Amino acid sequence: MLDKIVVHGGRRLQGTVHASGSKNAVLPILAATLLTEEPCEIRNVPDLSDVHLMLDILDGLGMRTSFASGTVRTEVADESISTAPYDLVHQMRASICVLGPLLAKRKRAQVAHPGGCVIGTRPIDLHVKGLKALAAELQTVHGYLEGTTVGLTGAHIFLGGPFGSTVTGTANVLMAATLARGTTVIEQAACEPEVVDLADFLTAMGAQIEGAGTPRITVHGVERLGGATHEVIPDRIEAETFMIASAITCGDVRIESCRPDQMVAVAEVLRECGASVEALSAQSVRVRGSRYIKPVDVTTFAYPGYPTDAQAQIMALMSVADGISVITDKVYPDRYMHVSEYNRMGAQIRKNGPTAVVQGVEFLSGAPVKATDLRASAGLILAGLAAQGETEMHQVQHLDRGYDRIEQKLIQLGAAIERVRYAPRRRKSDRRAA
Ligand code: EPZ
């Protein structure tokens, strides 16, 4: 049996929705629990398949983990295992975040190359560069990154790459540096709030970190780290997805348990489109859409620039704007698998290298579409909310990686959306294959 999401378009979203904890904060934070033998408690953890996958990886690394009512508890049972296997790692790139902690705490690691995905080749050369600078020996053997060290030593590391800073690369080097001998300085570090949240958790464990959230992070290595309790920050990308959902349906939505101060770039673009965006408090924002959606050119950058993880979503809105918009992804120049799916719904979008030219149309028409990656699947739902008729989205496993019960949250706001289980049609080709 398979799941599909069916959306009946044309409803205005209204009401209040709460953002869940941040996927991109909690994944490195879970990896960081490898840095101590003591128990850790992580709260406000979203119920996502990526989180369960990371817990499977930690279990396979000798950790005892539990996950109930939004709280994860971890404890080390056996530090003799240091291999993160291909069958788990290749499903989720963030698995690479166990590399730094394993080298720092267990002085050895075998982590399968995470490989690329539909949004790009997603190399890990900067991770390797940073960890080698900390005196880890790293080599690729049969598709695994094999690392050893006699003990990590602090270093001055420039971690910028051809597409700017690296979020999980910064996380990996930051985690490793906490137990390195001496001081580490990371230049052109990623400034994302998720890196700051990781640094906060590491500090609670006893790490000495300055400058998290700025391009220069300084870490004074310590002998050991202890257990800690931490509450994960809200998921800004999920909250931004709901902000754009309100705009595309000319709705009136309040997003609670979010951080408006971390969503300024998306708020600015929505205001330029003609929506009203009002920070009601430090944890809530109200977005009211307008009938007339102005076209806006959007270019994605590392934080605090417009996030690449909200690129597919804003493209859905621009596809029904009154004019031409130009969207450029400076972080992942190939992150446009959603273009052909939007065009199946009547959008008029032309990809041209790292840029997509969007000619707004009066309305989209619902159609069967295929999710290609996590944020594209969210964008397709937004397009379905605005489209005339019914949109059926297949390959929903992409959505479940990063959105915690999104259809229930949208139903709460008045959307006509449901998850349908169905038996895929048996085809002659299946029989032939059999
Ligand atoms: C994180 O991925 C996020 N994932 C991604 O979110 C997000 O799109 C990305 O940061 C950019 O913001 C997690 O945090 C788990 P990068 P990450 O290393 O760390 C290049 C989602 O939808 N690069 O910051 O893997 C890379 O190719 C996901 O939630 C190198 O060249 O991204 C890219 O062009 C998708 N060498 C740019 O840097 C490296 O060693 C930014 O990548 C590493 C990266």
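Over the chain, Cα pairs under 8 Å with separation of 6+ residues give a relative contact order of 20 percent. When the Cα atoms of the chain are aligned to their principal axes, the ranges along those axes come out at 63, 56, 42 Å in descending order.
Per-residue packing, averaged as other Cβ atoms within 10 Å, sorts the ranges 91-99, 45-53, 367-375 into the order 91-99, 367-375, 45-53, beginning with the highest.
Each Lys or Arg adds one and each Asp or Glu subtracts one; over the other residues with Cβ under 15 Å from the Cβ of Asn44, this totals -4.
Taking R0 as 35 Å, what FRET efficiency do you get between Ile411 and Glu41 from their Cβ-Cβ distance, rounded to the nearest 0.05?
0.65
Positive-end ranking of Leu88, Leu27, Ala190 along the dipole of segment 23-231, with charges on Cβ about the Cα centre, is headed by Ala190. Ratio of Rg to Rh for segment 23-231: 0.92 [Cα atoms; Kirkwood radius as inverse mean 1/r over pairs].
As a length-normalised measure over Cα pairs under 8 Å and 6 or more apart, the relative contact order of segment 23-231 settles at 20 percent. Under 19 Å from a point placed 7 Å out from the Cα of Gln397 along the Cα-to-Cβ direction: which residues of segment 1-33 have their backbone N that close? 1-6, by backbone N distance to the label point.
Building the convex hull from the alpha-carbon atoms of segment 245-395 and averaging its projection over directions returns 7.9 nm².
Identify all lysines with a Cα-Cα distance to Lys105 below 30 Å; exclude those on the same chain that are fewer than 8 residues away in sequence. Of all the lysines, those that pass the test against Lys105 - Cα under 30 Å, at least 8 places apart if same chain - are Lys23, Lys129, Lys132. Relative to the current alpha-carbon distance between Glu231 and Val264, full extension at 0.36 nm per residue lengthens the span by 9.6 nm. Kirkwood-type hydrodynamic radius, segment 367-415: 10.9 Å, calculated from all non-identical alpha-carbon pairs.
Listed by chain and number, the aspartates and glutamates whose C-alpha is less than 15 Å from the C-alpha of Lys294, apart from same-chain residues fewer than 8 away, are Glu268, Glu272, Asp322, Glu362.
Along the Cα-to-C-beta direction of Lys330, a point sits 7 Å from the Cα; which residues of segment 149-182 have their amide N less than 16 Å from that point? Residues passing the 16 Å test: 160-167. Note on Gln388 and Thr16: the extension gain reaches 131.5 nm, defined as 0.36 nm multiplied by sequence separation minus the Cα-Cα distance. Summary of packing: across the peptides 154-167, 195-208, the per-residue average of other C-beta atoms within 10 Å ranks them, highest first, as 195-208, 154-167.
What is the distance in Å between the Cα centres of segment 76-111 and segment 1-44? So the separation of the two Cα centres works out to 22 Å.
Taking 0.36 nm per residue of separation and subtracting the Cα-Cα distance, full extension of the segment from Glu79 to Val420 would add 118.5 nm. For the pair Glu187 and Asn352, label points projected 7 Å from Cα toward Cβ lie 3.7 nm apart. Loop sites here are GluC sites (Glu not before Pro) outside DSSP states H, G, I, E and B with no more than 10 other Cβ atoms within 10 Å. The longest part of the chain free of them is 1-222.
The Cα center of segment 395-412 and the Cα center of segment 212-255 differ in position by 18 Å.
Bear in mind that the values in this text are calculations on the coordinates, not laboratory data. Remember, it's a predicted structure, so these values are computed and weren't measured experimentally. Because the Cβ atoms are built from the backbone with ideal geometry, glycine has one as well, and the counts that use them run over all protein chains shown.
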